[in-house]
């Protein structure tokens, strides 16, 4: 039998060139790809939404989101992705699919999405202005505050978008996009952000 | 046109896909050929208020039942179709 050697690489490895891009001077946007995370899709089985939510509470200490929002715990984020379903985003294997399987046994079906999505973090004082070119939803702080989430589309590509905790007093938007669409969306983001000047990087930290 | 998804809120048309008339119900197994032919092929072309299935594929991926006036595009009701949020159906 053939031996396979899997080389885990980011779907943005070719497209992402760290450093400054676009307009010179102070960059208005910071684009950071987050690599090496655990992502598990949790979907309630028929009639078992209540049990799934209770199981999540027992595991994470917080109820699973039942409306479009992202709930952060000390070591995981629970992100709404649709009715009776959410994503568990974490790192280090503590909440990997193997770890979560016994937690949701009987109440929900799990699917490992760790290598199926790219995670892009957008911040900076022009972050919202840039995202407004791509998204039709209102991202103003009054409407889309910290912890708000949305399953929506950008450039005809499905994304899971949520607002994380502010950093240095500025909003941080997180985007999960299908791995095979990540490069396409990345180029669209670069086009949108070039006028503001952008600092590109990647990180293993959320 | 915008549709207010019961799960996501108001969204642009581009996030949705149209399926068609939500009225036809699958006939019972012994209903006969005419009833099945009607269910599969025959559709009313309604000028006015109509019940339709829409799919929120660019968002939460739920099927919706939308009551829409085909003359004015006015949407008077949106609800989750049977099976959307499957965990609650038959609970």
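Is region A:42-57 home to any residue that is more than 26 Å from residue B:64 (Cα to Cα) and in contact with a helix residue (DSSP H, G or I) (Cβ under 8 Å, 6 or more places away or on another chain)? Looking for residues that are more than 26 Å from residue B:64 (Cα to Cα) and in contact with a helix residue (DSSP H, G or I) (Cβ under 8 Å, 6 or more places away or on another chain), one finds none in region A:42-57, hence no. Does residue A:64 satisfy the condition of being away from every other protein chain (no Cβ under 14 Å), touching a helix residue (DSSP H, G or I) at 6+ places or on another chain (Cβ under 7 Å) and either without any contact (Cβ under 8 Å) to a residue 60 or more places away in the chain or within 24 Å of residue A:123 (Cβ to Cβ) (or both)? No. Residues of region A:114-139 that are away from chain B (no Cβ under 14 Å), assigned to a loop (DSSP other than H, G, I, E, B) and over 30 Å from residue A:51 (Cβ atoms): A:124, A:125, A:126.
Which ranges mark the strands (runs of 3 or more DSSP E) fully within region B:1-56 that have 1 or more residues being away from every other protein chain (no Cβ under 14 Å)? Spell out how you get there, then give the answer.
Values: elements: B:2-5, B:9-12, B:17-21, B:49-55.
By residue number, B:17-21, B:49-55.
Only residues that are more than 17 Å from residue A:29 (Cβ to Cβ) and exposed (fewer than 13 other Cβ atoms within 10 Å of the Cβ): list them for region A:153-177, please. If the condition is that a residue be more than 17 Å from residue A:29 (Cβ to Cβ) and exposed (fewer than 13 other Cβ atoms within 10 Å of the Cβ), then A:156, A:165 are the ones that fit. For region A:27-46, the condition of being modelled with pLDDT under 95, touching a strand residue (DSSP E or B) at 6+ places or on another chain (Cβ under 6 Å) and farther than 21 Å from residue A:151 by Cβ holds for at least one residue. For residue A:151, the conditions (1) part of a loop (DSSP other than H, G, I, E, B); (2) in contact (Cβ under 8 Å) with a residue 60 or more places away in the chain all hold with the exception of (1). For residue A:141, are the conditions met, namely being closer than 23 Å to residue A:192 by Cβ and out of contact with any strand residue (DSSP E or B) (no Cβ under 8 Å at 6 or more places or on another chain)? Taking the combined requirement at face value, the residue satisfies it. Within region B:27-55, the set of residues being out of contact with any strand residue (DSSP E or B) (no Cβ under 9 Å at 6 or more places or on another chain) and either within 20 Å of residue B:79 (Cα to Cα) or surrounded by 15 or more Cβ atoms within 10 Å (Cβ to Cβ) (or both) comprises B:27 only. Can you name every residue in region A:129-152 that is within 19 Å of residue A:69 (Cα to Cα) and surrounded by 21 or more Cβ atoms within 10 Å (Cβ to Cβ)? Within region A:129-152, A:131, A:135, A:137, A:144, A:149, A:150, A:151, A:152 qualify. Picking from residues in region A:44-53 that are in contact (Cβ under 8 Å) with a residue 24 or more places away in the chain and over 17 Å from residue A:76 (Cβ atoms), the one that is farthest from the other protein chains (Cβ to nearest Cβ) is A:51. Of the listed requirements (1) out of contact with any strand residue (DSSP E or B) (no Cβ under 9 Å at 6 or more places or on another chain); (2) over 21 Å from residue A:167 (Cα atoms); (3) without any contact (Cβ under 8 Å) to a residue 12 or more places away in the chain, residue A:106 misses just one: (3).
Within 14 Å of chain B (Cβ to nearest Cβ), in contact with a strand residue (DSSP E or B) (Cβ under 7 Å, 6 or more places away or on another chain) and either outside any loop (DSSP other than H, G, I, E, B) or free of Cβ contacts under 8 Å to residues at least 24 places away in the same chain (or both): is that true of residue A:159 in this structure? Spell out the reasoning first.
Working: within 14 Å of chain B (Cβ to nearest Cβ): yes; in contact with a strand residue (DSSP E or B) (Cβ under 7 Å, 6 or more places away or on another chain): yes; either outside any loop (DSSP other than H, G, I, E, B) or free of Cβ contacts under 8 Å to residues at least 24 places away in the same chain (or both): yes.
So residue A:159 passes the test.
Residues in region A:162-189 that are in a helix (DSSP H, G or I) and in contact with a helix residue (DSSP H, G or I) (Cβ under 9 Å, 6 or more places away or on another chain): A:185, A:188, A:189. Any residue at all in region A:7-19 that is more than 30 Å from residue A:101 (Cβ to Cβ), more than 21 Å from the chain's Cα centre (by Cα) and more than 14 Å from every other protein chain (Cβ to nearest Cβ)? For region A:7-19, residues more than 30 Å from residue A:101 (Cβ to Cβ), more than 21 Å from the chain's Cα centre (by Cα) and more than 14 Å from every other protein chain (Cβ to nearest Cβ): present.
The values are calculated or read from the model by the stated rules, or taken from the named source; none is laboratory data. The model shown is predicted, which means the values in this text are computed figures rather than measured ones. Every residue, glycine among them, receives a Cβ derived from its backbone with ideal geometry; neighbour counts consider all protein chains shown.
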